[in-house]
1. Rounding to the nearest 10 and keeping the result within 0 to 90°, find how far the Cα-based axis of helix 117-132 lies from the longest principal axis of the chain.
2. Please report the antiparallel percentage of the DSSP beta bridges confined to the chain, to the nearest 5.
3. With r as the distance between the Cβ atoms of residue 30 and residue 91 and R0 = 30 Å, compute the FRET efficiency 1/(1 + (r/R0)^6) and round to 0.05.
4. So what's the gap between the Cα centers of region 73-118 and region 11-68, to the nearest angstrom?
5. Put +1 on the Cβ of each Lys and Arg and -1 on the Cβ of each Asp and Glu in the chain; which of 11, 38, 103 then has its Cα farthest toward the positive end of the dipole?
6. Beyond 28 Å, how much of the Cα-Cα pair distribution for the chain remains, as a whole percent?
7. Counting only helical runs of four or more DSSP H residues, what would the 222 nm mean residue ellipticity of the chain come to if each run contributes -39,500 (n - 2.57) and the total is spread over all its residues?
8. Using modelled amide H (1.01 Å from N, peptide plane; none on Pro or chain starts), what sits under 5 Å from the amide H of residue 37, excluding residues fewer than 5 places away?
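Please treat every number below as a calculation from the coordinates, not as lab data. All values derive from a computational prediction rather than experimental measurement. Reconstructed Cβ throughout: ideal geometry from the backbone, glycine too, with neighbour counts over all protein chains shown.
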Amino acid sequence: MIVYCDGAARGNPGPAGIGVVVTEGRGRTVAEIAQGIGPATNNVAEYRAVIAGLQAAAEHGARSVLVRSDSRLLVEQLSGRFRVKKPTLVRLHEEARALVKGFDRVTFEHVPREMNRDADRLANQGVDAWLAGPGRDWRPSEPPAEPLFED
């Protein structure tokens, strides 16, 4: 299966969302995710998207997964070429790596933004949905509900 994932944050940090498209080998879409995650940074949103994508691939019985993202940082960190330093990202990195262990093979590939348009569109839909929710009057000066601003 191929997992296209993207995270979006308006402001950095700001209202954030994730977008995921999971396709099977012949290109048929088996899952799409557009979810608002509340205040977060771009990097936190990217990690939350890959975690959701790996979970969706597992739910659809994937044994081998190609993860495609336009976030070079995410790809390099999950491939083990870059270190993860920020505590919040360390936690999310560990969660993603634990999911990877459930597959026979997982490959991470950096792709240009143009190849990730559908996931990007879904991530922005997630932000929009979160902002449209009841009581979602976002003001950047407000402290976050949880410490998701570190990257």
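1. 30 degrees
2. The antiparallel fraction comes to roughly 65 percent.
3. Given R0 = 30 Å and the Cβ-Cβ separation, E is 0.60.
4. About 11 Å separates the Cα centre of region 73-118 from the one of region 11-68.
5. My answer, from the dipole projection, is 103.
6. 15 percent
7. Values: 4 runs with 55 residues, N = 151.
-11500 deg cm²/dmol, from helical runs alone.
8. 16, 17, 18
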